[in-house]
Amino acid sequence: MCWSTADANRPLVSVVVPVADSPVSLVERALRSVLQQDYREIEAVVAAAPDPALSAMIDRLADQRLRLVVVPTPADLPADPEWRHSAIEASALAAGAAAARGSWIAPLGPESEFTPDHVSLLLNTAVEHRLEFVYGQARVDLEGMEPFTIGAWPPFAEGVLTLGSELYSARLHEVARYDPEAWRELGAAPWTQWSAFIMAGVRMANAEAVVVRVTTWSQISSGTAAAI
């Protein structure tokens, strides 16, 4: 197990929110779900290209737990809109995770919202069972479709949400970080990291509870979770 006892004693959890062409209204909704967590020892690291509207929204929320990391837009981007989104998101994820101060990392895509107990449930599960990586289920509620749930065990690309359902020890960045170049191999950075963790034999499990809600399609179709 890679984390120490200090990482189990009311540790700081860093929620990393990568912004890639996402409307500010969605980012705000995601951040409000973070600020409403029943676990208070958190920070929210918003990683995004310079955007006055985004900065103004964060200032308006006026919460010291929010932090903005400015990420330059990559110069070499794919022409395909979905892979372009994936490439920008990967760069933002890598920068946000690198800037995180917490002992644990909980990524969140702007298209999703944490349930109020997201952090506490996953952190308690990790500590109780001495896990390094734990993920829950995602409730997907899209207009015009019947709601459904994803969060399979064992994890596979089409059966999990790889940006918003997980919490893992920050020490695992010694095993695998987010790869900003993953799109060149037609891979999404979140699943590439999950795959590296699985191959390394990281202590992981699925908490069989809904911990995140997805209400727009772009997160799924862009490759942060495989198309369903």
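Throughout, read-outs are computed from the coordinates displayed, never taken from laboratory work. As the structure is a computational prediction, the values presented were derived from the model and not from experiment. FYI the Cβ positions are ideal-geometry reconstructions off the backbone, even for glycines, and counts take in every protein chain you see.
Details
- For VAL210, the residues whose modelled amide H falls within less than 5 Å of its own, excluding neighbours fewer than 5 places apart on the same chain, are GLN137.
- Built amide H within the under 5 Å cut-off of ALA152, gap 5+: VAL160
- Mean ellipticity per residue at 222 nm, deg cm²/dmol - from DSSP H runs of n ≥ 4 across the chain, formula -39500 (n - 2.57): -9000 deg cm²/dmol
- Per-residue Karplus couplings for the range 163-170, computed as 6.51 cos²θ - 1.76 cosθ + 1.60 with θ equal to phi - 60°, are listed in order as 8, x, 9, 10, 9, 9, 5, 4 Hz, Gly and Pro entered as x.
- The order of LEU77, LEU26, LEU186, going from fewest to most other C-beta atoms within 10 Å of their C-beta, is LEU186, LEU77, LEU26.
- Summarising the amide proton neighbourhood of VAL15: residues at separation of 5 or more, or on other chains, whose placed amide H is nearer than 5 Å comprise GLU43, ALA44, VAL45, ALA106.
- Of VAL17, VAL69, VAL119, the one that fluctuates the most in a GNM where the chain has Cα springs shorter than 10 Å: VAL69
- Normalised by the number of residues in the chain, the mean separation of alpha-carbon contacts (under 8 Å, six or more apart) gives a relative contact order of 25 percent.
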